[in-house]
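Notes to accompany the following structure.
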Amino acid sequence: MPRNPITARALAVHTLRQIEQRRGFSNRILAEQFERHPDLERRERGLTTTLVYGVLRHRGRLDALIDAAAARPKALSARAREIARVAVFELRELQHPPHAAIPQALGLATALDPSGGLARPLHAILAAIDREGAALDARLAAGKPLDVLANRWSIPRWLAGRWLATLGPDVALARARALAEPPAVELRVDLSRTTADAVAAALREADPKAVVEQLPDQPQALRVRGGGELVRHPLHERGLFSVQALGAQRAALALAPCPEEHVLDACAGMGTKSLQLAELMRRRGRLVAADASEHRLGEHAALRRRGELDVDGFSFTTVVADLTAPEPQPGVDDGPYDAVLLDAPCTGLGNLARHPELRATVQFDDIAACADLQRRLLDRCRARVRPGGRLVYAVCSLEPEEGPRLVRAACDAGAFALEHEETWTPEAHHTDGFYLARLRPT
Ligand SMILES: C[S@@+](CC[C@H](N)C(=O)[O-])C[C@H]1O[C@@H](n2cnc3c(N)ncnc32)[C@H](O)[C@@H]1O
């Protein structure tokens with residue numbers, strides 16, 4: 001007999017457990033699960049994605065609601081709590097009717113424990129939240145600012161305290177609200193080979209329900225909602241667009257590499273910005289993409305093909321190197337560069353909407369640890385820029401120690417002159433948090 005296909009709710013619970021146990025990136029673990037269930041229909045994949053990201057974004061609030069409704073909240077096993085979180089998210093955030101959300105959750109609980117020992121307390125919790133959820137949510141939204149940020153908006157308490165101190169309650173609350181929203185997919189169009197109009201038209205044709213927005217002051221950018229899995233689109237396969245957040249798109253633009261220049265993409269990772277640098281260089285000159293992770297650089301073979309980077313007059317090399325090392329790194333230190341992009345490793349705290357699992361994994365001490373690594377990378381990368389050349393320092397975090405404070409300290413120490421600075425915030429720009437600075441070594 002054919003096995004029953006897995007349901008979206010069951011797969012969401014399993015994926016959430018995996019993300020928590022492996023402390024992994026949500027997008028990678030979800031993609032891995034979809035690969036294991038290739039027969040899952042598009043609609044079910046969509047619901048699984050909504051449930052996984054929604055529960056991660058609202059976890060603090062869902063737990064506060066469950067704790068308020070449960071007779072013995074500590075008695076819930078980790079899996080039972082995950083089933084409850086999914087159902088409460090459906091009831092409170094998606095406004096799914098109880099007759100859809102509750103029996104599904106009870107079915108999962110009964111499959112785990114056929115005696116009903118799990119389903120009975122779960123039923124009591126969900127019935128209470130169905131009856132009183134609006135009042136419970138109103139209570140979470142009405143306390144002291146620190147409690148509201150932590151309980152209603154699911155910001156880790158230590159981070160909520162920092163935001164209140166540095167941003168004040170209004171901005172902290174606006175940021176937390178913005179980070180609770182599912183973000184649109186942002187795309188960068190390769191303007192050296194096509195136009196934003198042409199890509200927008202192709203996306204609308206592929207999915208007439210997709211909402212594709214062009215941004216007047218960012219001609220390379222598109223913002224898409226509901227367009228399905230865009231990385232499967234043929235134009236993505238040809239490298240004519242890349243998935244990249246708006247602020248991140250600005251880093252290479254701020255560096256403004258020219259054709260024939262010698263450019264270093266320090267911390268190139270999987271190469272999204274390397275491809276953009278090549279586009280801006282019109283595929284002429286020399287581009288070195290370096291990173292400590294051989295695994296991440298492994299993506300560059302596909303990038304080379306998608307981006308048509310193997311052309312006469314353009315040298316694109318990929319180098320595994322620790323860019324903090326004091327000794328010269330072969331393949332990287334073969335001459336000073338006209339321009340260096342340092343897209344530094346960071347806490348990722350600007351990305352809490354797109355990577356909501358970071359709410360649970362990033363800790364206070366990580367900020368100082370990242371800032372220390374960033375300082376060493378900035379110092380070594382400065383030595384790689386030719387006199388008169390330029391460096392763009394960028395991070396997807398809005399914590400001052402990783403961005404403006406670090407850059408100011410380097411400028412105050414006489415290492416650089418600050419030429420340009422940009423900060424992209426979720427509350428003001430409806431995108432991921434991003435900071436960048438263009439610096440001239442002095
Ligand atoms: C923010 S990610 C880069 C993302 C990439 N630029 C992109 O656009 O896809 C930071 C990168 O820094 C790399 N990294 C961390 N420590 C490093 C070091 N000491 N030397 C070189 N690269 C390092 C990580 O492997 C990671 O790929």
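The values are calculated or read from the model by the stated rules, or taken from the named source; none is laboratory data. Keep in mind it's a predicted model, so treat the numbers as computed, not measured. Here the Cβ positions follow ideal geometry from the backbone for every residue, glycine too, while neighbour counts run over all protein chains shown. Just the protein is used for accessible areas: all its heavy atoms, side chains included, with ligands, DNA and RNA removed. Shrake-Rupley method; radii C 1.70, N 1.55, O 1.52, S 1.80 Å.
Within the span defined as the range 323-336, every residue fails to be of a type outside the set (D, E, K, R) and in contact with a Gly (Cβ under 6 Å, 6 or more places away or on another chain). Mind counting the residues in the range 222-246 that are in contact (Cβ under 8 Å) with a residue 40 or more places away in the chain, among the aliphatic types (A, V, I, L, M) and either more than 28 Å from GLU427 (Cβ to Cβ) or crowded, with 23+ Cβ neighbours inside 10 Å (or both)? Adding up the residues that qualify gives 3. Scanning the range 247-268 for residues that are surrounded by fewer than 24 Cβ atoms within 10 Å (Cβ to Cβ), more than 11 Å from the ligand (Cβ to nearest atom) and part of a loop (DSSP other than H, G, I, E, B) gives ALA256, CYS258, PRO259, GLU260, GLU261. Checked against (1) of a type outside the set (Gly, Ala, Ser); (2) within 14 Å of the ligand (Cβ to nearest atom); (3) at pLDDT below 95, VAL320 passes all but condition (3).
Conditions tested, residue by residue: (1) of a type in the set (A, V, I, L, M, F, W, C); (2) modelled with pLDDT under 95.
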position	(1), (2)
THR272	no, no
MET281	yes, no
LEU303	yes, yes
VAL311	yes, no
PHE316	yes, no
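Residues in the range 19-42 that are within 21 Å of VAL231 (Cβ to Cβ) and assigned to a helix (DSSP H, G or I): 13 in all. LEU126 meets the stated requirement of being over 26 Å from CYS396 (Cα atoms), modelled with pLDDT of 95 or more and either among the acidic types (Asp, Glu) or not in a loop (DSSP other than H, G, I, E, B) (or both).
The set of residues in the range 162-176 being open to solvent by 30 Å² or more (accessible area, probe 1.4 Å) and in contact with a Leu (Cβ under 8 Å, 6 or more places away or on another chain) consists of LEU164, LEU173.
The residue pairs whose first member lies in the range 289-315 and is within 11 Å of the ligand (Cβ to nearest atom), whose second member is small (Gly, Ala, Ser) and assigned to a helix (DSSP H, G or I), and whose beta carbons are closer than 7 Å, counting only pairs six or more residues apart or on different chains, are ALA289/SER274; LEU303/SER274. Where helices (runs of 4 or more DSSP H) fall wholly inside the range 269-312, the ranges with 2 or more residues that are aliphatic (A, V, I, L, M), out of contact with any Phe, Trp or Tyr (no Cβ under 6 Å at 6 or more places or on another chain) and crowded, with 20+ Cβ neighbours inside 10 Å are 272-280.
Evaluating PRO103 against the criteria (1) in a loop (DSSP other than H, G, I, E, B); (2) more than 25 Å from the chain's Cα centre (by Cα) leaves one unmet condition, (1).
Among the residues of the range 333-353, the ones that are out of contact with any His (no Cβ under 9 Å at 6 or more places or on another chain) and at pLDDT 95 or above come to 13 in all.
Being at negative phi and either outside the structural domain of THR50 (by TED's automatic domain parsing) or open to solvent by less than 40 Å² (accessible area, probe 1.4 Å) (or both) holds for only one residue in ALA128, ALA138, and it is ALA128. Of all residues in the range 269-287, those that are within 12 Å of VAL319 (Cα to Cα) and within 13 Å of the ligand (Cβ to nearest atom) have Cβ atoms under 8 Å from Cβ atoms of residues that are in a loop (DSSP other than H, G, I, E, B) and polar (S, T, N, Q), 6 or more apart or on another chain, in GLY269/SER293. Candidates ALA206, ALA254, ALA221, ALA200: the one that is at pLDDT 95 or above and over 29 Å from SER397 (Cβ atoms) is ALA200. I'm trying to understand the selection: among the residues of the range 186-214, which are open to solvent by less than 20 Å² (accessible area, probe 1.4 Å) and basic (Lys, Arg)? Within the range 186-214, ARG188 is the sole residue that qualifies. Looking at the range 411-433 only, could you name the residues that are farther than 24 Å from GLU181 by Cα and surrounded by 22 or more Cβ atoms within 10 Å (Cβ to Cβ)? Of everything in the range 411-433, just one residue is farther than 24 Å from GLU181 by Cα and surrounded by 22 or more Cβ atoms within 10 Å (Cβ to Cβ), namely PHE416. Scan the range 316-335 and tell me whether some residue there is free of Cβ contacts under 8 Å to residues at least 40 places away in the same chain, touching a Pro at 6+ places or on another chain (Cβ under 8 Å) and not in a loop (DSSP other than H, G, I, E, B). The answer is yes, given that some residue of the range 316-335 is free of Cβ contacts under 8 Å to residues at least 40 places away in the same chain, touching a Pro at 6+ places or on another chain (Cβ under 8 Å) and not in a loop (DSSP other than H, G, I, E, B). Looking for something surrounded by fewer than 17 Cβ atoms within 10 Å (Cβ to Cβ) and modelled with pLDDT under 95 - is there at least one such residue anywhere in the range 79-92? No; the residues of the range 79-92 include none that is surrounded by fewer than 17 Cβ atoms within 10 Å (Cβ to Cβ) and modelled with pLDDT under 95. Among the residues that make up the range 208-224, is at least one of them outside the structural domain of THR50 (by TED's automatic domain parsing), within 16 Å of the ligand (Cβ to nearest atom) and either on the phi > 0 side of the Ramachandran plot or in contact with a Phe, Trp or Tyr (Cβ under 9 Å, 6 or more places away or on another chain) (or both)? Checking the range 208-224: not a single residue is outside the structural domain of THR50 (by TED's automatic domain parsing), within 16 Å of the ligand (Cβ to nearest atom) and either on the phi > 0 side of the Ramachandran plot or in contact with a Phe, Trp or Tyr (Cβ under 9 Å, 6 or more places away or on another chain) (or both). The residues listed here are LEU342, LEU373, LEU391; of these, the one that is under 21 Å from the mean Cα position of the chain (by Cα) and buried (at least 22 other Cβ atoms within 10 Å of the Cβ) is LEU342.
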